[in-house]
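Structure first, then comments.
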Amino acid sequence: MSVHSRPVLAANWKMNLTPAEASSFLDAFLNRYAPRDDRSVILFPSALVFAGVRDRVQPRSDIRLGVQNVSTEEKGAFTGENSAAMAAGAGASFVLVGHSERRHAFGETDVQVAQKCARVVAHGLVPMLCVGETIEQRERGETAEVVLHQLRTGISMLDRAAVRDIMIAYEPVWAIGTGRTATPGDASDVHLVIRAALAGIVGEEARAIPLLYGGSVNAKNAAELLAAPEVEGLLVGGASIDPVQWAEICGR
Ligand code: 13P
């Protein structure tokens, strides 16, 4: 099955689900969601829960895994960090890079986001680069400018072939965890801008790059978001830690 079977349905568990809770989640989810080859399902558990989840989904080759963050550094004295090499060795295929919570709660800079993308690619993993504007930026009419700046700086250390293999998640900050979802039209508008910018960089091959939407996605609004032009996947937080809702989103 292609990594890029679309839609791409990705669960960002954030700092939720202990090992025991993840195990209960998987009991419920794997029972409810049968393998489908017309979509990609990706789980992003916390690093401490990763190995348990990996072992548990091992018989399910339709479910792929990623980590939520890696260090900008290759290895060494960086207490508390996890490296891209560790993620690759542990069985991850994807890494979230530049999530707005990393940017805003941990002060991650554009340069660090670019370094992480490069580090991730160097270890054969696929970065899922997250971009998105704040409410203030949207109200000032700066959405496209902000998103394109984050996109261009995020991929600035990648060569053309690597850019073709990434995934992008557009997550407006005002829609994350707020219950305020972007309309399908809002999402499409920004995805079109991103697609055009990618086409300017890698040409026709930009079509190969899945563009996901994230921000207050749930089982009720998932279908209409996925039906919007240029929305080829969803990156889901809160609703992805509820196995019933997540199975509904994946199975719809
Ligand atoms: P919510 O789905 O909880 O709004 O989170 C979205 C998100 O940040 C996924 O990365």
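Once you divide the Cα radius of gyration of the chain by 2.2 N^0.38 Å, the number left is 0.93. With the helix formula -39500 (n - 2.57) applied to DSSP H stretches of n ≥ 4, the chain reaches a computed 222 nm mean residue ellipticity of -12000 deg cm²/dmol. Sequence gap at least 6, Cα distance under 8 Å: using those rules, report the relative contact order of the chain to the nearest whole percent. Averaging sequence separation for qualifying contacts and normalising by length gives 21 percent for the chain. When the charge dipole of the range 3-77 is built from unit charges on Cβ atoms (+1 for Lys and Arg, -1 for Asp and Glu) and taken about the Cα centre, the candidate among 26, 9, 59 whose Cα reaches farthest toward its positive end is 9. A full extension of the chain between residue 54 and residue 223 corresponds to an added length of 58.1 nm, given 0.36 nm per residue minus the alpha carbon distance.
Relative contact order of the range 23-84, taken over Cα pairs closer than 8 Å and 6 or more residues apart, is 31 percent.
For the range 137-252, report the translational diffusion coefficient in µm²/s to the nearest whole number, using Stokes-Einstein at 37 °C, 0.692 mPa s, and a Kirkwood Rh over Cα pairs.
Once the numbers are plugged in, D ends up at 223 µm²/s.
Write out the trypsin sites (Lys or Arg not before Pro) in the range 106-146 meeting two conditions: DSSP loop, and at most 12 other Cβ atoms within 10 Å of their Cβ.
140
Where a Cα-Cα gap under 25 Å defines reach, which lysines qualify for residue 116, not counting those fewer than 8 residues away within the same chain? Excluding near neighbours in sequence, the set is 14, 75.
Computed from backbone phi with θ = phi - 60° and the Karplus coefficients 6.51, -1.76 and 1.60, the 3J(HN,Hα) list for the range 108-124 is 5, 9, 4, 5, 5, 4, 4, 5, 5, 4, 5, 4, 5, 5, 4, 9, x Hz; x is used for glycine and proline. With θ taken as phi - 60° and the Karplus curve 6.51 cos²θ - 1.76 cosθ + 1.60 applied, the whole-hertz 3J(HN,Hα) list for the range 128-134 is 9, 7, 9, 9, x, 9, 7 Hz, x standing for glycine and proline.
Charge tally around residue 191: other residues with Cβ under 10 Å, Lys/Arg +1 each, Asp/Glu -1 each, net -3. Residues whose amide H comes within less than 5 Å of that of residue 9, counting only those at least five positions distant or on another chain, are 40, 41, 42, 234 (H built at 1.01 Å from N in the peptide plane).
Amide H contacts under 5 Å for residue 82: 71, restricted to partners 5 or more places along the chain or on a different chain, H placed in the peptide plane at 1.01 Å from N. On a per residue basis, the convex hull of the C-alpha atoms belonging to the range 19-118 measures out at 125 Å³. As a length-normalised measure over Cα pairs under 8 Å and 6 or more apart, the relative contact order of the range 93-155 settles at 42 percent.
Read-outs throughout are calculated quantities, based only on the coordinates presented, and are distinct from any laboratory measurement. The shown structure was predicted, so the numbers you read here are calculated from the model rather than taken from an experiment. Reconstructed Cβ throughout: ideal geometry from the backbone, glycine too, with neighbour counts over all protein chains shown.
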